[in-house]
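First the structure, in the form of structure tokens, and then the observations on it.
Please treat every number below as a calculation from the coordinates, not as lab data. Since this is a predicted model, take the numbers as computed values, not measurements. Glycine gets a Cβ as well: all are built from the backbone with ideal geometry, and neighbour counts include every protein chain shown.
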Amino acid sequence: MKIVTVVRQVPDAEARVRIEEGAVALSGAAWVLDGMDEYGVEEALRLRDGGSEVEILALALGPERSEEALRTALSLGADRALLLVAAEEPDPLPAAKRLAEAIRAEGADLVFVGGKQADWDSAALGPALAEALGWPLADWTTSLQLEDRVLQVVHDADGGAEQMSLPLPAVVSTQQGLNEPRYPTLPNIMKARRKELRFEPAGQLPAPVRTVGRTLEQHDRQGRIVSGSTTEAVQQLAEVFEGVSQ
């Protein structure tokens, strides 16, 4: 069985964000493997550790610096990696179409993708990828078992959780709670340097959505001090919140 785990490189959560001339300035920021994607890598590794005959491909679409995220996936235990090089990361829809082409070419049986993108805060890639492939989707998955090429999954739904059965091939979007990702060990980091990492041009990707500017949300502090008895203070706070809600 071949598993593809889609990964992305995002700014470290501790990175300081600035806006310069309508664009996010991240000069000097550290870039890391998206935390949501780590759950997909870990789940693929656990399927292999459980005795299944599995080949794991880490797949990324983005600029050349995304190689670092793929190297991290390789050091965690992925067998090989493929980077579809693009000048910048496209919108989820064209990205899903290009990723689907690579996944079909690899003959994959199962795809893991992070439930949400840490930098865009978008949960669109998983559903878009499932649609592009024509495969069933389990999104926001919290539990997964593979039995005779059928996935038994539990995923979050409005008001609770749902249990589903999905025949392979399938797409699974991952999230916190599915597993606890491991840390790369020094021997595996050294081995990762010798593993295959291919580069292919992503080609011309359409951009149906164009970002024309960005701003940071600003919050003005009123600095009000409540005084008096507890009852009076609560009443003052209630009046403040009532004014904000209006």
- line: The residue that is farthest from PHE199 (Cα to Cα), considering only those in segment 79-99 that are of a type in the set (Gly, Ala, Ser) and touching a residue at least 40 places away in the same chain (Cβ under 8 Å), is ALA95
query: Among all residue pairs at least 6 apart or on different chains, which show Cβ distances below 8 Å where the first residue, located in segment 189-215, is surrounded by 10 or more Cβ atoms within 10 Å (Cβ to Cβ) and the second is of a type in the set (Ser, Thr, Tyr) and not in a loop (DSSP other than H, G, I, E, B)?
result: ILE189/SER75; LYS191/SER75; ALA192/SER75
task: Tell me, yes or no, whether segment 34-53 has at least one residue that is surrounded by fewer than 22 Cβ atoms within 10 Å (Cβ to Cβ), among the β-branched types (Val, Ile, Thr) and in contact (Cβ under 8 Å) with a residue 12 or more places away in the chain.
output: no
statement: When segment 4-33 is checked residue by residue, the ones that are in contact (Cβ under 8 Å) with a residue 60 or more places away in the chain and hydroxyl-bearing (Ser, Thr, Tyr) are THR5
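Within segment 87-109, restricting attention to residues that are touching a helix residue (DSSP H, G or I) at 6+ places or on another chain (Cβ under 8 Å) and among the hydrophobic types (A, V, I, L, M, F, W, C), which residue is surrounded by the fewest Cβ atoms within 10 Å (Cβ to Cβ)?
LEU93
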- request: Output yes when any residue across segment 68-81 is under 18 Å from PRO127 (Cβ atoms) and among the charged types (D, E, K, R), and no when none is.
  value: no
task: Could you check how many residues of segment 3-17 are over 9 Å from the mean Cα position of the chain (by Cα) and under 14 Å from ALA78 (Cβ atoms)?
output: 3
- prompt: Which residues, taken from segment 126-139, are over 22 Å from ARG46 (Cβ atoms) and crowded, with 20+ Cβ neighbours inside 10 Å?
  reply: ALA128, ALA132, LEU133
message: Of everything in segment 67-86, what is crowded, with 18+ Cβ neighbours inside 10 Å and farther than 18 Å from ILE189 by Cβ? Give them in sequence order.
response: LEU82, LEU83, LEU84, ALA86
